[in-house]
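Encoded as structure tokens, the structure appears first; notes follow it.
The values are calculated or read from the model by the stated rules, or taken from the named source; none is laboratory data. Note that the coordinates shown come from a computational prediction; the quantities given were computed from them, not determined experimentally. Don't worry about glycine lacking a Cβ; one is built from the backbone with ideal geometry, like all the others, and counts go over all protein chains shown. For the accessible areas, the whole protein counts, side chains as well, though only heavy atoms, and no ligand, DNA or RNA atoms are used. Shrake-Rupley method; radii C 1.70, N 1.55, O 1.52, S 1.80 Å.
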Amino acid sequence: QENFKSWNDALKAKDYEKATALYSASDLSFLPTVSPDFIRDAPSAKRYFQDFVQRLPDGKITADNVQCLSEDAYLHTGMYTFMTGPEEDRAPVSARFTYMWRKIDDQWKIIHHHSSVVPGSGNAKIVDHYPVAQANFKVWNDALKAKDYDKVAGLYSSTDLSF
């Protein structure tokens, strides 16, 4: 779990460069949880993590198994739950994982990583509300700047309002 911790710490720190550096640059097979892509190279992994760290992920292994394949390779499989989203609106994502780690130039590197949402876990689709929130704030702010108070008032719920 030490290698997982390094990977998870890089994600929590939003350090996509460090996360990407844990993957093999030449022999990679990566099927991420929140992407339809089959990633085969470091630049694609970097692009994925640049986006993924914006979700503020923090993973915890809930069950796992390690199979030693040789002194330079092991398979780490199991289940993990990621908390994602801003502090005031965190949401859990339960997923299955497989990592194949290989020692390359005396450093442990991920050569295969597959992660998928647990079927029937109620979190099959991760919804990113940040762009919607930004757009709604812009509408509200623009109306406020224009002193269009009726429009500002119309943006508030008439039944579910709290300050």
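Structure data summary
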{"quantity": "Entry for Cα extents along the principal axes in Å (calculated from the structure that is shown) out of (i) 59, 35, 28; (ii) 69, 31, 24; (iii) 73, 45, 23", "calculated": "(ii)"}
{"quantity": "Shape call, the range 58-101: gyration tensor on alpha carbons, a/c limit 1.5", "calculated": "prolate"}
{"quantity": "Lysine pairs meeting the criterion (Cα under 17 Å, 8 or more apart or interchain), as found in the range 1-145", "calculated": "13"}
{"quantity": "Karplus-derived 3J(HN,Hα), 6.51/-1.76/1.60, for each residue of the range 42-52, Hz, glycine and proline x", "calculated": "4, x, 5, 4, 4, 4, 4, 5, 4, 7, 4"}
{"quantity": "Sulfur and carbon atoms: percent of accessible area, the chain [1.4 Å]", "calculated": "52 percent"}
{"quantity": "Per-peptide average of other Cβ atoms within 10 Å, ordering 133-145, 89-101 highest first", "calculated": "89-101, 133-145"}
{"quantity": "Alpha-carbon centroid distance for the pair the range 1-54 / the range 80-100, whole angstrom", "calculated": "14 Å"}
{"quantity": "Accessible area in square angstrom per residue, the range 49-100, 1.4 angstrom probe", "calculated": "54 Å²"}
